Amino acid sequence: MRILIVEDDRKVAAFIQSGLQEEGNAVDVLHDGLSAGEQAAAVNYDAVVLDLMLPGRTGFQVLRDIRARKAEMPVIILTAKDSIDERITGLDGGADDYMVKPFALAELSARLRALLRRGTPHESTLRVGDLEVDTIRRTVRRAGQPIELKPKEYALLEFLMRNSDRPVTRSLIIEHVWNIHFDSVSNVVEVHINGLRAKVDRGFAVPLIHTVRGVGYMLTDAPR
């Protein structure tokens, strides 16, 4: 997932960013509400974690900006405001979920995954041929055999699985799996693709990860 965190408390923001990145997510952080709406509209985020008490513009104002531009983008409000009225205002204002500080990072991560499952036509178990990914347990099997992946390898495979049977560019992969700008010189995608192939395709008669010349990569079990 690529996630935007809008949180003015830099320690809290860094804590969330570090934890979500350890799980293989790409994470961007903003510390005020002034540009949050524009940032959310400009980048294809999978979800936004939004504080309410922000300098510049309140979280409620940012939420209205997001809903005006990207009505379907999942948003979780994460705030110290815990009154029933504020929860109702946040949810009625367009938030998909509402969490109160202090919070458990594991629960926030689980709620983000739940929002992604809710907003996608794919099931929580993704399948291509004999390859199966359980997005809840974050486990991978091929032909019934478990495959151990590092966090970035898993994030890359899940992204390819969610876009199966269609080519994805290197720049799109970098945007969703790494929170860095596209660099035509960097070989980070190729390195991780090669690592995935060694674990997912090696030893099997049918390769699933394919290079699409001049475009990028595609995961498919269709003959090529």
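Calculated [222 nm] ellipticity per residue, helices only, for the chain: -11500 deg cm²/dmol; basis is -39500 (n - 2.57) per DSSP H run with n ≥ 4, divided by all residues, nearest 500.
Using a Gaussian network model of the chain in which every pair of alpha carbons under 10 angstrom is joined by a spring, one finds that among ALA13, ALA198, ALA26 the greatest mean-square fluctuation is at ALA198. Just to confirm the number: angle between the C-alpha axis of helix 10-22 and the first principal axis of the chain, 0 to 90 degrees, nearest 10? Here the helix axis deviates by roughly 20 degrees. Pairs of Lys residues in the chain that lie 8 or more places apart, or on two chains, and have C-alpha atoms under 17 angstrom apart add up to 4. Take every pair of alpha-carbon atoms less than 8 Å apart whose residues are at least six positions apart; their mean separation over the length of the range 2-118 yields a relative contact order of 23 percent. How much FRET efficiency would the formula 1/(1 + (r/R0)^6) give for ASN44 and ARG224, where r is the Cβ-Cβ distance and R0 is 25 Å, rounded to 0.05? Taking R0 as 25 Å, the efficiency between ASN44 and ARG224 is 0.40.
Throughout, read-outs are computed from the coordinates displayed, never taken from laboratory work. All of these numbers come straight from a predicted model, not from anything done at the bench. Note: ideal-geometry Cβ built from the backbone for every residue, glycine included; neighbour counts use all protein chains shown.
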